[in-house]
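I have placed the structure first, in the form of structure tokens, so that the comments after it can refer back to it.
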Amino acid sequence: GTTTSRFMVLTVEQLNTVALGLGINPFEATDVDVRIKSSLGSNSSLEAYSNTIKITLTPYTTETPKLWLPGSYQADSGYGDNWTQSTAATLASEGFGNTNFEGYVYFNSAQAAPDNGFKFSSQPDWNGTNYGDDGSFSGILVEQNESNATASAGYYKVKANTTTLMYTVAPVSWGIIGFATTGDDSGWNQDVDLTYNPTTKKLELASIYLSPGAFKFRGNNAW
């Protein structure tokens, strides 16, 4: 008879998927025991196993950790249905394992507890870890017996840390400033504010004439 040997070569991406499927944490070197199983024919007879060897796998992930901000602000502010994580504003961390999250969120109307407000969710549904204010409204997060976080209407930079369990909600404005806005050096004395568009989710100017020259983007009318 004829003996046919089949070999499977895994790409880096496939091997990474296997490592993650084994429950190995991304960017953490882990030793894994590997052996080859062989059999004769299509009915898997005469099974045999090779000696076990040890290899070290360090999987990776390109996923950016996020926090979702479900709340009563969403429908009025262009983020889908209220209290729906999948369309809510999100905060992002710098990378896997980093528990500092930040992002910009627009509130079209004031959010005040207990009827309104928002929470922080670790995934785009209610099945993960959900955080709220501890009731003191001093920037402390808790998982149990929490109150809704609050904000007045406006555009905010929101930060949260799921290790220290602290958060901030700080109003922010963006504008342009410079020679080009006026055609002379007086343009460096006054920002031209951008307005948040909840439909496009961008900061915009309806129109402005810019003279040849320099300008910069500046937050909160300050350097």
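The values are calculated or read from the model by the stated rules, or taken from the named source; none is laboratory data. Only a predicted model underlies this, so the values are computations on that prediction, with no experimental measurement involved. Because the Cβ atoms are built from the backbone with ideal geometry, glycine has one as well, and the counts that use them run over all protein chains shown. Accessible surface areas use protein heavy atoms only, side chains included; no ligands, DNA or RNA. Shrake-Rupley method; radii C 1.70, N 1.55, O 1.52, S 1.80 Å.
A few points about this structure:
- Size descriptor, Kirkwood hydrodynamic radius, that averages inverse alpha-carbon separations across segment 32-154, Å: 17.6
- Summary value for the chain: 13 percent relative contact order, contacts being C-alpha pairs under 8 angstrom separated by 6+ residues.
- Among the listed values (1) 51, 26, 16; (2) 48, 15, 14; (3) 34, 24, 17, the one matching semi-axes √(5λ) of the Cα gyration tensor in Å as calculated from this structure is (1).
- Distance in nm between pseudo-label sites at Q190 and D81 (7 Å out along the Cβ direction from Cα): 4.7
- At the residue level, E47 shows approximately 90 square angstrom of accessible surface with a 1.4 angstrom probe and all protein chains present.
- Ranking by accessible area, most exposed first, for W223, W174 with a 1.4 Å probe: W223, W174
- Heavy atoms of the protein chains alone define the surface here; on that basis segment 53-185 has 48 Å² accessible area per residue at 1.4 Å probe size.
- Segment 98-148 and segment 206-220: distance between their alpha carbon centers, rounded to Å: 35
- Projecting the Cα atoms of N116, N148, T61 onto the dipole axis of the chain, where Lys and Arg carry +1 and Asp and Glu carry -1 at the beta carbon, places T61 farthest toward the positive end.
- Inter-label distance, V12 to F27: 1.7 nm, where each label sits 7 Å from its Cα along the C-beta direction.
- Accessible-area composition of the chain, carbon plus sulfur, in percent [1.4 Å probe]: 51
- Take every pair of alpha-carbon atoms less than 8 Å apart whose residues are at least six positions apart; their mean separation over the length of segment 45-86 yields a relative contact order of 26 percent.
- For the pair K159 and T99, the difference between a 0.36 nm per residue extended length and the Cα-Cα distance amounts to 20.6 nm.
- Take every Cα pair under 8 Å whose residues are at least 6 apart in sequence, average their separation, divide by the length of segment 57-106, and the relative contact order is 35 percent.
- Estimated distance in nm for a label pair at A206 and I36, the labels positioned 7 Å out from Cα along Cα-to-Cβ: 7.3
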